[in-house]
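Encoded as C-alpha cells, the structure appears first; notes follow it.
Taken together, the values in this text are just the output of simple stated rules run on the coordinates, not laboratory data. In this text, all values refer to a predicted model and were calculated from it rather than measured experimentally. With ideal geometry, Cβ positions are generated from the backbone for all residues, glycine too; neighbour counts draw on all protein chains shown.
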Amino acid sequence: MISLLPNFSFNISGEYILIFFLFIYIIYLQLQIARKNNLLKSFYDKVDKPDSKLEKKDIIRFLENIKNPEFSGIVTKDRLLDKKIRNFLFENDDNIKLFLHYTASEDVANKILKEGFHFVNSFYKTAEYIYNDELYLVHRHHEHKQFGKYVILICISKDIYTRYSNELSNLKAKNIAVEQILTETPPYVDENSDEIYTFPKQFIKGYFNYMEGTIVKNPEFDFNYISEVFNENMDKLKPDKN
C-alpha cells in the first residue's frame, strides 16, 4: 500500500501541471480578447468624435489588421486606399473593365508598359478582375499583395470587350477567351510548352507601388484601342465557307 503512494503522487502532480497550463492559456486568450475589444472601443470612440480625421480607409486597415492573431496595434502603411491611387484605379470606371497584376520587380512593370502584358492561355491566372467596391478591392488586394508591391493596371473598354465576347458566343467558340482575341502578336510557346499571348501595351494604364504610393502612367494608354488584328483573330475562328 505504501509503495503505491509515490506513483499516485506523481500522477496527481502531472494532472495539476496540465490544468495549470490550461488555466494560464485560457487567461491569455481572455486577455487577447479584452485587448482587442478595448482597441475597437477606443477606435470607434475616435471615429464618433465630430473633429475626427479618421477616414473609411483607416477603419478598413484597422479591421484587416486586428483579425491577425499577431496584431500589435499598428495599422499597416499600405497605400492602396490613398485618394490618388483610388482615382487612378477607378477613373472612367463606367466605361472600362479593370484587371490588376502584381509583380515584385519594377523592371518587369516597366517592361509591361513598353511591350504589353504576357499571359499563359488563361488570362485570369495572372490578372485579377476588380470593380469599384472598396471592401472587395481590399479583400482581393490582401490575397495578391504577396506577389509583389508593383500593381499593373490593365483596362479595356467595356464596349470592345462585350462586342468580342458576343461574337465568340455567337460562334460557340470553346476554350477561347476574349483576351486571346484582343492580341496583335501571334502567340508563342515557351520552354514549358505553354502558349503565351500578349496584351497590347495600349491597354496598360500604368502601375503603382502600394507601399510607397507612387504612380507611373503609360503615355500610350488607350482603353478604346482597336486593332484590325483583333478582327483577323475572330475571322480565323469562323467556319471556312468554301
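What to note about this one:
- Alpha-carbon centroids, the stretch 110-135 and the stretch 184-242: separation in whole Å: 10 Å
- Karplus-derived HN-Hα couplings along the stretch 88-101 (A = 6.51, B = -1.76, C = 1.60, θ = phi - 60°), whole Hz, x at Gly and Pro: 5, 5, 10, 5, 6, 4, 5, 10, 10, 9, 10, 10, 10, 10
- Each Lys or Arg adds one and each Asp or Glu takes one away; over the other residues whose Cβ falls under 12 Å from the Cβ of Lys201, this sums to -1.
- Among the listed pairs Lys84/Lys172; Lys83/Lys172; Lys114/Lys236; Lys111/Lys172; Lys149/Lys236; Lys83/Lys111, those beyond 32 Å (Cα-Cα): Lys84/Lys172; Lys83/Lys172; Lys111/Lys172; Lys149/Lys236
- Dipole magnitude for the stretch 138-242: computed about the Cα centre from +1 point charges on Lys and Arg Cβ and -1 point charges on Asp and Glu Cβ, it is near 440 debye.
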